[in-house]
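Notes to accompany the following structure.
The values are calculated or read from the model by the stated rules, or taken from the named source; none is laboratory data. These numbers were taken from a predicted model, which means no experiment stands behind them. Positions of Cβ are backbone-derived with ideal geometry, glycine not excepted, and every protein chain shown enters the neighbour counts.
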């Protein structure tokens, strides 16, 4: 494992204001994630997991502190540079899958490659490879409504890997799945960390999935601490 962290979080603070009321979502959060790790972020609903992942992935900005991903200081980037970061360096997997309903599984996976204008032959080969990697090569032409929840999440994971990101950020990727499908998705993420050389940061509230992580960060009331593996 590299001695240099892929993700460096220092003194992160985020406060949401509703009228006179303040909600501190992140309180002076600091930690590192190293290349090749699968790190789980555990916490109850509303504990700040999504807020934290959004800061790391450049989807939102903190009120204080900084985030560095693969040498890029995310918190100092202009919006245009953040778009490039999310396109080329960070892949996202969401609880709601986020697939385009009118497109087939293969077409959904190919969307990020079209955005970077990958040559057609290379794109088609990459799509085939990624669908095979997640066990869906026989479902390439099916649309999301023809797939199970677990299969849709596999398509979403394949899409997140389209442009060979260094970091995979997954926000409750098993939240809409039954326990068996959820564990299969977490096992898939574990396997991808090993086979694709990607680093993964996965938010979950399911304690049964934590055993598949290399490390567990526990978030409560906006504060993060290292938790023991169970």
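What the table below lists for this structure:
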quantity	calculated
Residues (more than 17 Å from the chain's Cα centre (by Cα) and either in a loop (DSSP other than H, G, I, E, B) or surrounded by fewer than 19 Cβ atoms within 10 Å (Cβ to Cβ) (or both)) located in the stretch 84-110	100, 101, 102, 103, 104, 107
Exclusive hit being in contact with a helix residue (DSSP H, G or I) (Cβ under 6 Å, 6 or more places away or on another chain) and either part of a helix (DSSP H, G or I) or closer than 24 Å to residue 113 by Cα (or both), set 190, 194	190
Close pairs from the stretch 170-192: first on the phi > 0 side of the Ramachandran plot and touching a residue at least 60 places away in the same chain (Cβ under 8 Å), partner surrounded by fewer than 21 Cβ atoms within 10 Å (Cβ to Cβ) and part of a helix (DSSP H, G or I), Cβ under 8 Å, at least 6 apart	172/50
Residue match in the stretch 166-186 (condition: in contact with a strand residue (DSSP E or B) (Cβ under 7 Å, 6 or more places away or on another chain), assigned to a helix (DSSP H, G or I) and closer than 20 Å to residue 56 by Cβ)	no
Filtered residue count, the stretch 5-46, keeping only those that are more than 19 Å from the chain's Cα centre (by Cα), surrounded by fewer than 19 Cβ atoms within 10 Å (Cβ to Cβ) and touching a residue at least 12 places away in the same chain (Cβ under 8 Å)	7
All positions within the stretch 111-124 that are surrounded by fewer than 18 Cβ atoms within 10 Å (Cβ to Cβ) and part of a helix (DSSP H, G or I)	111, 114, 115, 120, 121, 122, 124
Meets criteria (modelled with pLDDT of 95 or more and buried (at least 17 other Cβ atoms within 10 Å of the Cβ)) for residue 141	no
Check on residue 225, out of contact with any helix residue (DSSP H, G or I) (no Cβ under 7 Å at 6 or more places or on another chain) and over 30 Å from residue 27 (Cβ atoms)	no
Residues of the stretch 47-62 satisfying the condition of being in contact with a helix residue (DSSP H, G or I) (Cβ under 6 Å, 6 or more places away or on another chain), buried (at least 21 other Cβ atoms within 10 Å of the Cβ) and on the phi < 0 side of the Ramachandran plot	62
Residue check, residue 154 part of a helix (DSSP H, G or I), out of contact with any helix residue (DSSP H, G or I) (no Cβ under 6 Å at 6 or more places or on another chain) and under 29 Å from residue 35 (Cα atoms)	yes
Condition broken by residue 65, with the remaining ones in (1) closer than 30 Å to residue 3 by Cα; (2) over 20 Å from the mean Cα position of the chain (by Cα); (3) crowded, with 18+ Cβ neighbours inside 10 Å satisfied	(3)
Boolean, residue 11 is farther than 14 Å from residue 203 by Cβ, in a strand (DSSP E or B) and modelled with pLDDT of 90 or more	yes
Every residue from the stretch 197-230 that is assigned to a strand (DSSP E or B) and either over 28 Å from residue 13 (Cβ atoms) or at pLDDT below 85 (or both)	227
Filter result for the condition that a residue is more than 30 Å from residue 138 (Cα to Cα) and at pLDDT below 90, over 45, 96, 30	45
Identity of the residue in the stretch 161-177, surrounded by fewer than 17 Cβ atoms within 10 Å (Cβ to Cβ) and at pLDDT below 85, that ends up nearest to residue 40 (Cα to Cα)	175
Residues of the stretch 145-160 satisfying the condition of being over 20 Å from the mean Cα position of the chain (by Cα) and either crowded, with 18+ Cβ neighbours inside 10 Å or under 17 Å from residue 195 (Cβ atoms) (or both)	147
